[in-house]
1. Can you tell me which residues in the stretch 178-212 are under 14 Å from Leu131 (Cα atoms) and free of Cβ contacts under 8 Å to residues at least 12 places away in the same chain?
2. Would a scan of the stretch 242-250 turn up a residue that is surrounded by fewer than 20 Cβ atoms within 10 Å (Cβ to Cβ) and under 21 Å from Ile409 (Cα atoms)?
3. Assess whether Ser160 counts as being under 30 Å from Ala435 (Cβ atoms), at pLDDT 55 or above and surrounded by 12 or more Cβ atoms within 10 Å (Cβ to Cβ).
4. If the Cβ limit is 7 Å and pairs must be 6+ apart or interchain, which residue in the stretch 343-369 that is more than 17 Å from Val323 (Cα to Cα) pairs with which residue that is assigned to a loop (DSSP other than H, G, I, E, B) and among the acidic types (Asp, Glu)?
5. Scan the stretch 351-375 residue by residue and report those that are more than 17 Å from Ile311 (Cα to Cα) and either among the acidic types (Asp, Glu) or in contact with a Phe, Trp or Tyr (Cβ under 8 Å, 6 or more places away or on another chain) (or both).
6. Can you find a residue in the stretch 324-332 that is assigned to a loop (DSSP other than H, G, I, E, B) and in contact (Cβ under 8 Å) with a residue 60 or more places away in the chain?
7. Suppose we filter Asp177, Asp189, Asp136 for residues that are in a helix (DSSP H, G or I), of a type outside the set (Ser, Thr, Tyr) and modelled with pLDDT of 60 or more; which single one remains?
Amino acid sequence: MEQMTEYERKRQENIERNQKMLAALGVYHTAQDLRSTAKKPKLETKGFKISKRKRESEPTIIRRSLRTRGISPETLKGLEVDSPSSKPSHRKFDLITPEVPVSQKNGPISFAETYVEHGGNASNSHCLGWLKDLADDVPLVDLKFRKSSQLSEGGGADYSPGGLKLKSENIVRISPDRIFCVEFLPFRDKVIVVSGDKEGHLSLWDAGCSKEEGDGLHIYCPHSSPISGIAVDPFSLTKVISCSYDGCIRAMDVEKEVFDMVYKANDSIYAICSSSSYQSIYFSEGYGTMKVLDKRVGGVSNSYSLHEKRINSIDFHPQKSHVVSTSSTDGRACIWDLRKMKKINTESLATVQHMRAVHSAYFSPGGDMLATTSYDNKVGLLSGLDSANTDMIYHYNPPRRWISSFRAIWGWDDRYLFIGNLDRGLDAICTESKATTTLSSPLLTTIPTRLAKHPFHCGTLAGGTGGGKVYVWQKM
């Protein structure tokens, strides 16, 4: 052994002196007693050997699905399941759906398979009769109903944002989950709202339904993922076309009583829009691709790569059928000429650049302006000759986890834009003065993020929320 240095010798002496002091104080015995009392007993269930007495006193509960037990989901209707692991539901709807959703089928799905009981007094047969009555009573509308009706009937001149009011009877929990899209069915004499939510539910609500007829709400589940867009066939107003993140485009066919599979994609579908001639359906698939589904050929006729990331909205110019706008998560909103489209590297007619993702780009009813909404807290306004002028209007549009992104929509003329407000309000932005008017009401308890206006009832506006509610403002 080498000889210890002076430093090591002093260090060893200090250690020995401290140990003697701790021993004299009884610290070691106290620590031993604490360790023995705090030691956890060994669990009897750890391992694979369980005593016979325990097996008899505590039987093992094996969890099995309804399918393996041979029980139909319909037999559980009206029964309460008492389970220690079950949590109380905070939703209005007591949904009874199969364990394996029928919405995952690749072919047509019947109405009966997808109808969702929600605690009301309606049924699939009642809803089917209601839809058939609507299809028989309402004649075909003008092919330009989406835009021309707002100007030709003079409705745009006799409304103001301050005249839109909420009533308690116009507030309904229309969907079991967060609403991704909301639209009005274009009936001239009725107010019927259709919405799509996060879980793939397609809900229809007759806002003019009397109490004697029930709540007027009917819910189907034709998709297995969020419904990202809704379009209506003008030749058959009850034929609702929906697209979803599950890559399916389905059409509600009242005559066949099924949800037909129109198209099945390998990637998610984020937006859908009918062309001005209504012979084609334009939709966005995957990352930055816009495809054309031609009804005459029954398949995809064209595909264009327009953006680096996914396309969130598609909209056609009201007068120029060859002009279309897109918004994308890559931070751009573009206007395109369909006559000059290429599969890749297509040059846009105009581009609005935002700092963050753009979730909507819609043409005004007159076609002179384009409104964009972005996560960078800006609402863009593209106007002027050849879309040369761009104004950025501040509006707080931050991303939120439990609500859908804000999307500003046009009113019934080119004067106002409507967009939801995080303070539980509805903002009306004047395109001339750039001033914002907030519509508030004590009845508005949640945030309306996705909006839609009735094409024929000027002053009738619907807003969908993250909790599945729909608020309908009407002109007073």
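The values are calculated or read from the model by the stated rules, or taken from the named source; none is laboratory data. Please read all numbers here as calculations on a predicted model, not as lab measurements. We place every Cβ from the backbone using ideal geometry, glycine too, and count neighbours over all the protein chains shown.
1. Hit for the stretch 178-212 is Cys209, nothing else.
2. The answer is no, given that none of the residues of the stretch 242-250 is surrounded by fewer than 20 Cβ atoms within 10 Å (Cβ to Cβ) and under 21 Å from Ile409 (Cα atoms).
3. Taking the combined requirement at face value, the residue satisfies it.
4. Within 7 Å, the pairs are His354/Asp376; Met355/Asp376; Arg356/Asp376.
5. Of everything in the stretch 351-375, those that are more than 17 Å from Ile311 (Cα to Cα) and either among the acidic types (Asp, Glu) or in contact with a Phe, Trp or Tyr (Cβ under 8 Å, 6 or more places away or on another chain) (or both) turn out to be Ser364, Pro365, Asp368, Met369.
6. No, the stretch 324-332 contains no residue that is assigned to a loop (DSSP other than H, G, I, E, B) and in contact (Cβ under 8 Å) with a residue 60 or more places away in the chain.
7. Among Asp177, Asp189, Asp136, only Asp136 is in a helix (DSSP H, G or I), of a type outside the set (Ser, Thr, Tyr) and modelled with pLDDT of 60 or more.
Okay, residues lined up against (1) within 30 Å of Cys127 (Cα to Cα); (2) surrounded by 15 or more Cβ atoms within 10 Å (Cβ to Cβ):
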residue: Glu255; (1), (2): yes, no
residue: Phe259; (1), (2): yes, yes
residue: Asp267; (1), (2): no, no
residue: Ser274; (1), (2): yes, yes
residue: Glu285; (1), (2): no, yes
residue: Lys291; (1), (2): no, yes
residue: Ser301; (1), (2): no, no
residue: Thr326; (1), (2): no, yes
residue: Asp330; (1), (2): no, yes
